[in-house]
Amino acid sequence: MKTLTPQSNHYLDTILAYKAEGKAIAHFNISNLDQLRAICDVAQELKQPVIIGASEGERSYMGVAMVRKMVDEMNQEYDVSIFLNADHTYTFEKVKEVVELGYDSVIIDGAKLPYEENVALVKQCVDYVREYEAKTGKRVLTEAELGYIGQSSSLNSALPEGVTEANLTTVEQAKDFVLRTGIDMFAPAIGNVHGMLIDAEEPKLHIDRLKEISAVVDVPLVLHGASGNTDEDLMASIDAGVSIVHINTEIRKAFRDGEMNYLVEHPNEVAPYKFGKEGQEEMKKIVKAKMELYMK
């Protein structure tokens with residue numbers, strides 16, 4: 001059974017190793033133990049590391065400290081590296097909370113703010129994290145995004161309001177943003193969208209813009225909102241420098257569909273572990289397909 005220090009440099013080393021090999025690490029969000037178990041089962045089967053994400057809403061639902069404990073337990077049980085990321089964290093106070101509870105990384109999300117306010121918020125949080133590291137010797141990775149891609153993991157009939165070509169990340173701002181904030185990882189807006197579109201194709205990713213950003217930014221790049229994007233676009237983004245790919249809506253839908261299908265066939269069933277198992281099995285199919293794709 002492996003041992004893993006949650007805040008060790010092993011996390012960043014793993015990301016950089018995948019980047020050097022032209023591969024990406026999968027990042028999946030969870031809302032309960034069923035989903036965490038499904039993801040870890042697949043990671044174990046494929047013998048690949050995985051990043052578990054928990055947004056502010058997901059952390060509130062499960063308990064901020066409980067999420068850390070759940071992932072700690074998985075790290076004791078499984079023989080692969082399971083990292084914990086505080087996904088989409090909007091305030092300094094919430095960043096401070098997850099850092100002090102031992103999360104491995106945190107995404108400081110000021111993407112909806114005016115540019116200078118986004119820079120100021122991220123810089124404040126990064127400075128705090130560096131002070132925390134100096135006091136404790138524990139490494140916490142920081143990430144931020146630039147350019148608006150929406151905020152909701154949901155099934156949408158149209159692009160979220162504010163997601164426009166004008167809000168794509170520019171090369172000049174990407175370079176300035178990373179330099180001024182000191183973040184460890186950077187998530188640009190290149191046509192990616194949180195959630196999934198129903199009855200419409202996902203917008204194509206701007207791979208040329210991603211290549212241009214990758215050429216001027218010296219930190220690992222992260223692709224958010226990758227649910228529904230084609231395998232071709234995802235592979236092209238990895239080839240262009242993306243080291244981590246986020247999926248949430250797609251696995252949520254699979255989990256929900258698995259439970260719903262079971263309950264339709266067994267309308268009198270009330271044992272959550274029975275229909276939860278079916279949710280897990282459907283979710284595993286997506287998790288496995290994504291993890292295998294990112295390793296090609």
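Brief remarks on what is shown
- Members of region 256-296 that are surrounded by 13 or more Cβ atoms within 10 Å (Cβ to Cβ), β-branched (Val, Ile, Thr) and out of contact with any Asp or Glu (no Cβ under 6 Å at 6 or more places or on another chain): 287
- Of all residues in region 66-99, those satisfying the criterion of being assigned to a helix (DSSP H, G or I) and surrounded by 18 or more Cβ atoms within 10 Å (Cβ to Cβ) are 67, 68, 70, 71, 74, 75, 94, 95, 97, 98, 99.
- Contact map, region 33-53: first residue touching a residue at least 12 places away in the same chain (Cβ under 8 Å), second residue among the basic types (Lys, Arg) and surrounded by 17 or more Cβ atoms within 10 Å (Cβ to Cβ), Cβ cut-off under 6 Å, separation 6 or more or different chains; pairs are 38/284; 42/284; 42/288.
- Considering the conditions (1) in contact with a Lys or Arg (Cβ under 9 Å, 6 or more places away or on another chain); (2) touching a residue at least 40 places away in the same chain (Cβ under 8 Å); (3) assigned to a helix (DSSP H, G or I), residue 26 is excluded by exactly one of them, (3).
- Going through (1) surrounded by 14 or more Cβ atoms within 10 Å (Cβ to Cβ); (2) modelled with pLDDT under 95; (3) not aromatic (Phe, Trp, Tyr) one by one, residue 120 falls short only on (2).
- Tallying residues that are crowded, with 22+ Cβ neighbours inside 10 Å, under 16 Å from the mean Cα position of the chain (by Cα) and assigned to a helix (DSSP H, G or I) within region 39-57 yields 3.
- Residues of region 103-117 classified as crowded, with 18+ Cβ neighbours inside 10 Å and either in contact with a helix residue (DSSP H, G or I) (Cβ under 6 Å, 6 or more places away or on another chain) or free of Cβ contacts under 8 Å to residues at least 12 places away in the same chain (or both), total: 4
The values are calculated or read from the model by the stated rules, or taken from the named source; none is laboratory data. Note that the structure is a prediction, hence the values are computed from the model and not measured. Note that each Cβ is placed from the backbone with ideal geometry, even for glycine, and that neighbours are counted across all protein chains shown.
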